[in-house]
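The values are calculated or read from the model by the stated rules, or taken from the named source; none is laboratory data. Bear in mind the structure is a predicted one, so any value in this text is a computation, not a measurement. Note that each Cβ is placed from the backbone with ideal geometry, even for glycine, and that neighbours are counted across all protein chains shown. Surface areas here come from the heavy atoms of the whole protein model, side chains and all, with no ligands, DNA or RNA. Shrake-Rupley method; radii C 1.70, N 1.55, O 1.52, S 1.80 Å.
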There are 2 protein chains.
Amino acid sequence: MTLSMFQASVPRFIHLLGNLSAILDKAQAHAEMKKLAPDALTAYRLYPDMLPFTRQVQIACDTAKGAAARLAGVDIPKHEDTEKTLEELKERIAKTVAFLQTIQPAQVDGTEDKSIVLKIGGHELPFTGLSYLLEFATPNFFFHVTTAYAMLRHNGVEIGKRDYLGMKS
Amino acid sequence: MTLSMFQASVPRFIHLLGNLSAILDKAQAHAEMKKLAPDALTAYRLYPDMLPFTRQVQIACDTAKGAAARLAGVDIPKHEDTEKTLEELKERIAKTVAFLQTIQPAQVDGTEDKSIVLKIGGHELPFTGLSYLLEFATPNFFFHVTTAYAMLRHNGVEIGKRDYLGMKS
């Protein structure tokens, strides 16, 4: 087997998003047990000028679907940022995963040299498929999944790195 | 250009560890400006039963050097976990990067099917080179770098995701 653009992206995103969804289940159980206010976890910020929990999950999802769609050359599905509850965030993850599951290896493999231009804050960021995946999409994806995890951990949700990694044993 | 095991590991680890070192510089400047106790940041934990900041940086380093060494088939350099200050953690990162820079592409490329067995907590975890890199080393590496970042951000150090990504513009 040879490492490919598909293997390094779509199945990894699907796996980690599944782990994140299971982590949200634990957060939900924690919130119910502690009788937390509905937005105590979802609106939580690690620092006042940092994005809240909800946005971390949304951006993790958007990074995954944006990367898969751009590499595969298909339209990026539009998901409005309307989620307010953990349950709604689980649905956001589920529809992201459903989209990722439509992407076939042949659509993504061989896209190393493909030109990808991101527009961020009025600036154009030019990438190749390879640099986009390794230098932008991958570190961003793990950043937002881990930040969401850290926020829950900081708030006492009983999760561990095995939940993040999705290790069974 | 074709994605390879080397490209997906060693240069990415070197880049992120460089970004983390620059983030430690900002943490140091913050600690001096605020006259923080010497261990206020390094001993900080996001939750009492979570590993402190120092361990997050050490494990990020160990994940990178372990992955590079195991894939390349060379001995993993032993680095004792003695760091207590941000300056010492920067040295830990620097010696990790110095080791990573000795690893050549030909040592890592083509290791997708190589058998790699980790021993964690008395259990043996069997991987191929590919599954080890994508399912274990990469998510662990980003987890600990991001957690270190989140701890500093939570403590008011003025850093942003551009510091984590190492974006210049």
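Filtered by the rule that a residue be in contact with a helix residue (DSSP H, G or I) (Cβ under 6 Å, 6 or more places away or on another chain) and farther than 16 Å from A:L86 by Cα, the stretch A:146-160 gives a lone residue, A:T146. Can you find a residue in the stretch B:95-102 that is within 14 Å of chain A (Cβ to nearest Cβ) and among the aromatic types (F, W, Y)? Among the residues of the stretch B:95-102, not one is within 14 Å of chain A (Cβ to nearest Cβ) and among the aromatic types (F, W, Y), which makes the answer no. Looking across the stretch A:40-58, the residues that are more than 25 Å from A:G129 (Cβ to Cβ), out of contact with any helix residue (DSSP H, G or I) (no Cβ under 6 Å at 6 or more places or on another chain) and more than 11 Å from every other protein chain (Cβ to nearest Cβ) come down to A:A40, A:A43, A:P52, A:T54, A:R55. Restricting attention to the stretch B:104-159, the residues that are more than 9 Å from chain A (Cβ to nearest Cβ), in a helix (DSSP H, G or I) and open to solvent by 30 Å² or more (accessible area, probe 1.4 Å) add up to 3. Pairing each residue of the stretch A:22-41 that is closer than 14 Å to A:A148 by Cα with any residue that is open to solvent by 60 Å² or more (accessible area, probe 1.4 Å), provided the two are 6+ apart or on different chains, yields no C-beta distance under 6 Å. Of the residues examined, A:L36 is not one that is more than 11 Å from chain B (Cβ to nearest Cβ), under 19 Å from B:T138 (Cβ atoms) and of a type in the set (A, V, I, L, M, F, W, C).
Within the stretch B:160-169, which residues are out of contact with any strand residue (DSSP E or B) (no Cβ under 7 Å at 6 or more places or on another chain) and either in a strand (DSSP E or B) or not aliphatic (A, V, I, L, M) (or both)? Those that are out of contact with any strand residue (DSSP E or B) (no Cβ under 7 Å at 6 or more places or on another chain) and either in a strand (DSSP E or B) or not aliphatic (A, V, I, L, M) (or both): B:G160, B:K161, B:R162, B:D163, B:Y164, B:G166, B:K168.
Every listed requirement among (1) open to solvent by 70 Å² or more (accessible area, probe 1.4 Å); (2) in contact (Cβ under 8 Å) with a residue 60 or more places away in the chain is met by B:A67 save one, (1). Residues in the stretch A:7-33 that are open to solvent by 60 Å² or more (accessible area, probe 1.4 Å) and closer than 25 Å to B:Y44 by Cα: A:K26 alone.
The single condition among (1) among the hydroxyl-bearing types (S, T, Y); (2) open to solvent by less than 40 Å² (accessible area, probe 1.4 Å); (3) more than 29 Å from B:V117 (Cβ to Cβ); (4) within 11 Å of chain A (Cβ to nearest Cβ) that B:S4 does not meet is (3). Of the residues in the stretch A:108-122, how many are without any contact (Cβ under 8 Å) to a residue 12 or more places away in the chain and more than 23 Å from the chain's Cα centre (by Cα)? Number satisfying all stated conditions: 1.
Has the stretch A:24-39 got at least one residue that is out of contact with any strand residue (DSSP E or B) (no Cβ under 6 Å at 6 or more places or on another chain) and under 17 Å from A:L133 (Cβ atoms)? Looking for residues that are out of contact with any strand residue (DSSP E or B) (no Cβ under 6 Å at 6 or more places or on another chain) and under 17 Å from A:L133 (Cβ atoms), one finds none in the stretch A:24-39, hence no. Here the stretch A:86-96 is the region considered, the condition is being touching a Ser or Thr at 6+ places or on another chain (Cβ under 8 Å) and open to solvent by 10 Å² or more (accessible area, probe 1.4 Å), and the residue that is farthest from A:A72 (Cα to Cα) is A:L86.
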